[in-house]
Amino acid sequence: MYRVNSSGKFNVPFGKYSNPLICDEVNLRRVSRELKNVQIKHEDYKEVLKKAKKGDFIYFDPPYFPVSKTASFTSYNTDSFLEKEQIELRDTFVKLHKRGCFVMLSNSDTPFINKIYKSIKGVKISKVEAGRAINSNASKRGKITEVLVTNY
């Protein structure tokens, strides 16, 4: 996971591990081979999606919409990702759908998220259980319901 705080500084906790595997040489070499001819770019998703064409697969994993007032972490960068941004993402999903791309999006299972995707023709909302291992309160870690929105 990569996120930053309001100052733009990386802020994902390292965790507490007694014997962490920091450098897995075998895996690093395998990943290096696989990425040898791959070009990785750091661009705004809107720029990348301008190049998307019929038959491409696009998966969106946005900051999830808050499930409650106390569970409302939406800042993985210096900007928030709330209703306005979720609707903009939905509109992007629809444009890609109309372009003939295969699109999948995961998000929290909230009335708002279900509402903004449910009336799109050809789009399916599936409920899935997902494990949560990160929470400041250990008793709140576990399975929660999320949605997978797909157009295929």
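Given the residues 119, 126, 72, which is the only one that is at pLDDT below 90 and not charged (D, E, K, R)?
On the way: 119 fails: at pLDDT below 90; 126 fails: at pLDDT below 90.
One residue alone meets the criteria, 72.
Which one is farthest from residue 81 (Cα to Cα) among residues in the range 1-28 that are outside any loop (DSSP other than H, G, I, E, B) and under 19 Å from the mean Cα position of the chain (by Cα)?
Taking the range 1-28 first, the residues outside any loop (DSSP other than H, G, I, E, B) are 4, 10, 25-28.
Narrowing the set further to residues that are under 19 Å from the mean Cα position of the chain (by Cα) leaves 4, 10.
Numbers: 4: 13, 10: 17 Å.
Per the stated criteria, the residue is 10.
Condition test on residue 98, is it among the charged types (D, E, K, R) and modelled with pLDDT of 95 or more? Give the derivation first.
Working: among the charged types (D, E, K, R): yes; modelled with pLDDT of 95 or more: yes.
Judged against the criteria, residue 98 is a match.
Restricting to the range 29-52, what's the tally of residues that are acidic (Asp, Glu) and in a loop (DSSP other than H, G, I, E, B)?
At the first step, the residues of the range 29-52 found to be acidic (Asp, Glu) are 34, 43-44, 47.
Of the ones still in play, those that are also in a loop (DSSP other than H, G, I, E, B) are 43-44.
Within the range 29-52, residues that are acidic (Asp, Glu) and in a loop (DSSP other than H, G, I, E, B) number 2.
The values are calculated or read from the model by the stated rules, or taken from the named source; none is laboratory data. Worth saying up front: this structure is predicted, and the values here are computed from it rather than measured.
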